[in-house]
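The values are calculated or read from the model by the stated rules, or taken from the named source; none is laboratory data. Nothing here was measured: the structure is a model prediction, and the numbers come from that model. Using ideal geometry, Cβ is built from the backbone for each residue, glycine included, and neighbour counts are taken over all protein chains shown.
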C-alpha cells in the first residue's frame, strides 16, 4: 500500500476506482487544503506529481502535530 498527500485543488482529478476510499471518506489535514489517498499496485498517472509514502512514513506524518495533520482527541469533535 502506498500513501499520497494531495492538494485540494486536485480533488476532482482523482479517479476513485483506482484508489482506496471515496471522496466522502478521505482524510483531510487540519487546514483542509490537502487530503490523503492510498492505493495498491502501479501508481495511477493522476498521482505522478506526488510523492509516495509507506505506512510507517505516513504514521509519522499524521502523528506529528507540527505537520498539520495531527488532531488531539479532545479537539476531534470540533475538527471533523
For the range 38-56, check the following and say yes or no: at least one residue is surrounded by 10 or more Cβ atoms within 10 Å (Cβ to Cβ) and at pLDDT below 90. yes
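State yes or no: is residue 4 within 13 Å of the chain's Cα centre (by Cα), modelled with pLDDT of 95 or more and not in a loop (DSSP other than H, G, I, E, B)?
yes
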Within the range 1-22, can you find the residues that are touching a helix residue (DSSP H, G or I) at 6+ places or on another chain (Cβ under 7 Å) and farther than 16 Å from residue 52 by Cα? 13, 15, 22
What are the residues in the range 9-55 that are touching a residue at least 24 places away in the same chain (Cβ under 8 Å), farther than 19 Å from residue 65 by Cα, assigned to a helix (DSSP H, G or I) and out of contact with any strand residue (DSSP E or B) (no Cβ under 6 Å at 6 or more places or on another chain), if any? 10, 11, 13, 18, 46
